[in-house]
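Working notes, structure below.
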Amino acid sequence: MNNQSFPFLSVIMAIKNEELRVEGALQNLLAQNYPNLQIVIVDGDSKDNTIDIVRRYIRHSDVLLSQPDTPSMAKNIGIEYANGDLIFFHNCGDILYDGYLLGAVTYLNMSDRDFLYADIDLYQGGRRLSRCITPEFPENRVLYSMPFNNQTILFKKKMFERCRYDEDYYVANDHNFMIRAIKLYGFRGIKYDVSAMRYEVGGLSQRLEGTAHFEILKSSLLIGEKRTRAIIHYLSMMFRYCLRKVKNTIKYPIHT
């Protein structure tokens, strides 16, 4: 089948010092065998061998950039160089299941929606923990939390003509983008009822969970109307976060 019969898909990878994982991530992406694909690599000025590894996989339609940046800056830079009608963000360490991109593109294009999301399987140290299932009516919850598995979201590029990532947000930039896209611009999503990938817990949002909760609160207060509810939700999440930290300290005391 002619590649041009498939929508042009740009996959953006924001990376930095990922020499141990970037090759596996690129191999996993290319193994999707999506026939009309552009890969946009935005490297945050890596100091290891990341760039040398990436160059072995770059094709004529792909883009490789390297400069100091933050996660939200890297996404915006990638969007500028993305030529696709659809955009997907792929992280090192996320292992896409076979056929996800082709299935997701087909499903989204059959709908009148602006973005697509799916479930993920959570892993830790190679052991499967559970499936993270997107709740029913996630758009109604976006004011107070990130109800989507952001690693699975496939966007129509038109969304980024109206809305970009706020570079003041370091951890919860995906939530801030989705809350503005849905509540301010009226973009709508559709669930693709599959598990998209194997996701290893312990990423940036988990390592900086306190910062993530604060940034989510900031977005809720700036955009939401029910400010009391947003503050209560934030205090509840921070209480749970602090409780987990105390439990971990008791379980794994720091010896000096």
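The values are calculated or read from the model by the stated rules, or taken from the named source; none is laboratory data. This structure is a prediction, so every number in the text was calculated from the model and none was measured. Here the Cβ is made from the backbone with ideal geometry for all residues, glycine too, and neighbour counts use every protein chain on show.
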Complete set of residues in region 33-58 that are assigned to a helix (DSSP H, G or I) and buried (at least 17 other Cβ atoms within 10 Å of the Cβ): THR50, ILE51, ILE53, VAL54
Flagged in region 182-193 as among the aliphatic types (A, V, I, L, M) and either under 11 Å from LEU143 (Cα atoms) or at pLDDT 95 or above (or both), in numbering order, are ILE182, ILE190
Checking SER61 against (1) modelled with pLDDT of 95 or more; (2) among the hydroxyl-bearing types (Ser, Thr, Tyr); (3) surrounded by fewer than 19 Cβ atoms within 10 Å (Cβ to Cβ); (4) in a loop (DSSP other than H, G, I, E, B), which test does it fail? (1)
If we scan region 66-78, do we find a residue that is aliphatic (A, V, I, L, M) and touching a helix residue (DSSP H, G or I) at 6+ places or on another chain (Cβ under 8 Å)? no
Taking the condition aromatic (Phe, Trp, Tyr), surrounded by 13 or more Cβ atoms within 10 Å (Cβ to Cβ) and closer than 25 Å to LYS157 by Cβ, does TYR123 pass? no
